[in-house]
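Presented below is the structure to which this report refers.
The values are calculated or read from the model by the stated rules, or taken from the named source; none is laboratory data. Bear in mind that the values here come from a model prediction, so they are computed numbers and not experimental data. No Cβ is skipped: glycine too gets one built from the backbone with ideal geometry, and neighbour counts run over all protein chains shown. Protein only, heavy atoms only, side chains kept; ligands, DNA and RNA dropped before computing areas. Shrake-Rupley method; radii C 1.70, N 1.55, O 1.52, S 1.80 Å.
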Amino acid sequence: MAIKAFLFDVDGVLLDSGATHRRIWDAWSDMRGLDRDRVWSLTHGRRPEDTILDVAPTLDPVAERQVLNDLMVREGDAFPAAQGAASLLRKLDQHLWALVTSGSQSPVHRRFKLASLPLPAVQIYGEDVKRSKPHPEGYLKAAGLLSVDPADCAVIEDAPHGIIAGKAAGCTVIAVATTHTRDDLSKADACFSSLAEATPHLLTMIRNH
């Protein structure tokens, strides 16, 4: 299987952010009197505003996003890079990969800097799309900006919504089981326990092009 470009999700793929995000969403759920587990189950691979609309439709999603941002600042807003992320990204030409995340540009840039991760030329954030994952808009937009057919792209994801988005865009999807079980990620074309484990396979895919 040969591909021309990688489209990376961020949280749970390039950044080890799961535990911190869980603490933040749990704190917010407690503040709003909501069920922690239900809220958490609806956060993966989605914009926070979309989760808020689902679990608390009477609240203002923009205002609640700011509450979440404030909680994030209290956490230090720093996440370690996923094991193997830095070495993998530095092996890739800037024009061979992109970020496609439901997060926002400013915090992602800050976290990548703190984690000493490089940034690609093409970056798609939650504010850059009208429809977030599981809609394929973000992945289609990234492929277009890279001037690569989606069929020649590999999406790297950790969440079912992201896998659905990548498949709907017509991409090959590689999953890493960092935040979900392998059963949850069964719609991916291949699944690895971590990005580090997936790296040899990913490099083979692009070298075979």
- Roughly how many Å² of Met31 are accessible to a 1.4 Å probe, to the nearest 10? 100
- Message: Where in the chain is the longest stretch that carries no trypsin sites (Lys or Arg not before Pro) classed as loop by DSSP and with at most 15 other Cβ atoms within 10 Å?
- Response: 1-90
- Along principal axes, Cα extents of the range 1-99, largest first, whole Å: 47, 26, 22
- Message: Please list, short to long, the whole-number percent of alpha-carbon pairs of the chain in consecutive 5 angstrom bins beginning at zero.
- Response: 1, 8, 16, 21, 21, 17, 9, 5, 2, 0, 0
- State in Å² the accessible area per residue of the chain; use a 1.4 Å probe, count heavy atoms of protein chains only, and round to the nearest integer. 45
- Item | Net charge dipole size for the range 1-157 [Lys, Arg +1 and Asp, Glu -1 on Cβ; Debye, nearest 20] | 320
- Item | Nearest 10 degrees, 0 to 90: helix 61-75 Cα axis against the chain principal axis | 80
- Efficiency by 1/(1 + (r/R0)^6): what FRET value for Ala190 and Lys91, r their Cβ-Cβ distance, R0 = 22 Å, to the nearest 0.05? 0.70
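How much net charge surrounds Leu53 when only other residues with a Cβ under 12 Å from its Cβ are counted (Lys, Arg +1; Asp, Glu -1)?
Details: positive: Arg46, Arg47, Arg65; negative: Glu49, Asp50, Asp54, Asp60, Glu64.
Once all neighbours under 12 Å are counted, the net charge is -2.
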- Task: Quick one: pull the percent of accessible area on the range 62-209 belonging to carbon and sulfur, 1.4 Å probe, ligands and nucleic acids left out.
- Result: 52
- Note on the structure: With Cα springs under 10 Å, the Gaussian network model of the chain assigns the largest mean-square fluctuation among Pro134, Pro48, Pro61 to Pro61
- Roughly what angle does helix 105-114 make with the longest principal axis of the chain, taking Cα atoms, 0 to 90 degrees, to the nearest 10? 70
- Item | Computed helical MRE - 222 nm, the chain, DSSP H runs ≥ 4 contributing -39500 (n - 2.57), nearest 500 | -13000 deg cm²/dmol
